[in-house]
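A.B. asks: So that we are looking at the same thing, I have put the structure below in structure tokens.
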There are 2 protein chains.
Amino acid sequence: MSDILHRVGIKTSAIDEVYSALTTRNGLAAWWTTDTTGEGDQVGNIIQFRFAAGGFDMKVTKLHAPDLVEWEVIDGPAEWIGTIIRFELRQEGDYVIVLFKHLNWKEPVEFMHHCSTKWAIFLMSLKSLIETGKGQPNPDDVKVDNWN
Amino acid sequence: MSDILHRVGIKTSAIDEVYSALTTRNGLAAWWTTDTTGEGDQVGNIIQFRFAAGGFDMKVTKLHAPDLVEWEVIDGPAEWIGTIIRFELRQEGDYVIVLFKHLNWKEPVEFMHHCSTKWAIFLMSLKSLIETGKGQPNPDDVKVDNWN
């Protein structure tokens, strides 16, 4: 099994705002993809994220406000299905620290390398959303390679 | 063991330029850290990368122009020592694809999460250097959290 791991620090004392950006349709659409359907504020809910090339359906598997959000990927690219996405939040001085984990990839395929870089880009978009009021979600996200 | 993996695509037909940015002092200083000492163009050479908080010494362990560069970390933070950093390059259409691997972390510690996000930022700096002539190396790099 292989994991994608990231850490960003968001300069804010409002950890609830960060949690909200991970659990509401409007929040998620403002940093990951504008084409988001569903609310992430109840365990068992399904959230659908769409991009030009396809997308992902996530089932909310764990919530503990304001410090934990976990999803299981239930539809999307074969490599993603069954993987787990987790956001762990905590206040540390002037920052809300986000520990991000996309766990349980079966193989470290080339697509995983791409997704790792893209997750960094999108987490920086989340940081920007909270710090400045403006994220950079798909389709206006920063492109990293020929797979976008 | 845990690995950091990334993939960027650099819009260029000049794979030699990308290889040069990974194997010369001036190239490395233009996207990773301006405080770089040593040339990376010979197996066995030592390259020293410095940042405000410390730095890393790398021994060049493999070179195959223009498609492979590999270093072993021989000094720096305890978690980095003995890890392997590898850049695999190939031309794919209009892009030079860079597969990046920072291999063999003993544990997926929080510092590894931070380094994963920072590597994405620095690889985007490498992409910018080749595509626009200007990278964003330390100390003017994009900050991702309270560890910078």
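The values are calculated or read from the model by the stated rules, or taken from the named source; none is laboratory data. All of these numbers come straight from a predicted model, not from anything done at the bench. When we count neighbours, we look across all protein chains shown, and the Cβ atoms used for this are built from the backbone with ideal geometry, even at glycine. Each accessible area value is taken on the protein alone, full model and side chains, heavy atoms only, with ligands, DNA and RNA left out. Shrake-Rupley method; radii C 1.70, N 1.55, O 1.52, S 1.80 Å.
A.B. asks: For chain A, what does the relative contact order come out to in percent, with C-alpha contacts under 8 Å and a separation of six or more?
C.D. replies: Contact order relative to length: 30 percent.
A.B. asks: Quick one: Karplus J couplings for region B:49-66, per residue in order, coefficients 6.51, -1.76, 1.60, θ = phi - 60°, nearest Hz, x for Gly and Pro?
C.D. replies: 10, 10, 10, 3, 8, x, x, 9, 10, 10, 9, 6, 10, 8, 9, 8, 5, x
A.B. asks: Compute the accessible area per residue over the protein assembly as shown, keeping the other protein chains in place, probe 1.4 Å, unit Å².
C.D. replies: Here the residues of the protein assembly as shown average 41 Å² of exposed surface.
A.B. asks: Next question. Using a Gaussian network model on chain A with a 10 Å cutoff between Cα atoms, which of A:75, A:41, A:57 fluctuates the most?
C.D. replies: Between A:75, A:41, A:57, it is A:75 that shows the largest mean-square fluctuation.
A.B. asks: Residue of A with Cβ nearest the axis relating A to B, plus distance in whole Å?
C.D. replies: Its Cβ sits closest to the axis: A:120, 2.
A.B. asks: If you don't mind, another one. How big is the B/A interface in buried accessible area, both sides summed, 1.4 Å probe, to the nearest 100 Å²?
C.D. replies: 2400 Å²
A.B. asks: Same structure again: Place a +1 charge on the Cβ of each Lys and Arg in region A:2-132 and a -1 charge on the Cβ of each Asp and Glu, then give the dipole magnitude about the Cα centre in debye, rounded to the nearest 20.
C.D. replies: About 120 debye.
A.B. asks: Going by amide H atoms built from the backbone, whose H comes under 5 Å of the H on residue B:145, apart from near neighbours?
C.D. replies: The answer is A:9.
A.B. asks: Still on this structure: Starting from the alpha-carbon convex hull of region A:105-148, give the projected area averaged over all orientations, in nm².
C.D. replies: For region A:105-148, the mean projected area of the Cα convex hull comes to 3.3 nm².
A.B. asks: Beyond 35 Å, how much of the Cα-Cα pair distribution for the protein assembly as shown remains, as a whole percent?
C.D. replies: That tail contains 17 percent of the Cα-Cα pairs.
A.B. asks: Given the options B:124, B:46, A:111, identify the residue whose Cα lies farthest towards the positive end of the charge dipole of the protein assembly as shown (+1 on Cβ of Lys, Arg; -1 on Cβ of Asp, Glu).
C.D. replies: Final value for the positive-end residue is B:124.
A.B. asks: Over chain B, with every protein chain in place, what whole percent of the accessible area is carbon and sulfur at 1.4 Å, could you tell me?
C.D. replies: After summing per-atom areas, the C and S share lands at 50 percent.
A.B. asks: Normalised by the residues of region B:89-148, what does the relative contact order come to in percent, with Cα pairs under 8 Å and at least six apart?
C.D. replies: Value for region B:89-148: 22 percent.
A.B. asks: Where does helix A:110-132 land angle-wise versus the long Cα axis of chain A, in degrees 0 to 90, nearest 10?
C.D. replies: Once rounded, one gets 20 degrees.
A.B. asks: Okay, moving on. Given Cα positions, please report Rg to Rh for chain B, the hydrodynamic radius being the Kirkwood one.
C.D. replies: With Rg and the Kirkwood Rh in hand, the quotient comes to 0.93.
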